[in-house]
C-alpha cells in the first residue's frame, strides 16, 4: 500500500461517538488526540474546522458549558477528544472541581492518548490555570503542542510579538507555538500535519 504523505492528509469522515462524565466511561479503543484549554478558548471551533463539519462539536458563547469528555471518531481510525474547559463557569465552583478532576483522570488513564493540543488565547497573558496545565503536561511527559488561538483578533503585524510574549510567559521556544485563527483558518494545515505525525 502506498504511504500517504502528511501534506496530503485530510479528514474525510468524523462522527460523534459518546461523552464520558467519569473515568469508567472512557473509551480506550484507538489512538486519541485530545484538545484542552480554558473555557471559550475555541476547542470546539477548532475541531469543527479540522473536520469540515460546522456543528460536529457544540460551541457556545457561554464559557464553561462543556462538562464532559466528548469523543469524535475520525477517518474510522482514531479519536478527537474534547476535554472540559477549565476556568470560568457560570455553573459554580463545584463543577470547576469536578471538571479539573475529570481532566486529570483522562490524562492519567488514557493509554491510547498520543497528543494533547493545548489551546491558549494569544491576546491574553496565560492564566494561572494555563500555567498549571502547561506544567502538568510537561512534568508528566505527555506529548503536547501549543495552539495560540484567535490570531484574527489582533493586527497581523503584531502576531509575532504576541507569540514571543506568550513563549516567554510559558518558558518555551516561539517555534513550539502554532498561531491559529478560526475565522480565516490560518494554521489549519500545520495542525493537520502535526495530527498526522502523532496519530
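The values are calculated or read from the model by the stated rules, or taken from the named source; none is laboratory data. None of the values given here were measured: they were computed from a predicted structure. FYI the Cβ positions are ideal-geometry reconstructions off the backbone, even for glycines, and counts take in every protein chain you see.
Structural remarks
Conditions (1) more than 25 Å from residue 126 (Cα to Cα); (2) modelled with pLDDT of 85 or more; (3) in contact with a strand residue (DSSP E or B) (Cβ under 6 Å, 6 or more places away or on another chain); (4) in a loop (DSSP other than H, G, I, E, B), marked per residue:
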| residue | (1), (2), (3), (4) |
| --- | --- |
| 33 | no, yes, yes, no |
| 36 | no, yes, yes, no |
| 48 | no, yes, no, no |
| 59 | no, no, no, yes |
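- Any pair with Cβ under 7 angstrom, 6 or more apart, that starts in segment 58-80 at a residue that is more than 22 Å from residue 28 (Cα to Cα) and ends at one that is part of a loop (DSSP other than H, G, I, E, B) and at pLDDT below 65: 62/90; 63/88; 63/89; 64/88; 64/89; 64/90; 64/91
- Matching helices (runs of 4 or more DSSP H) fully within segment 96-199 where at least 1 residues are surrounded by fewer than 19 Cβ atoms within 10 Å (Cβ to Cβ), touching a strand residue (DSSP E or B) at 6+ places or on another chain (Cβ under 7 Å) and in contact (Cβ under 8 Å) with a residue 60 or more places away in the chain: 128-139, 188-198
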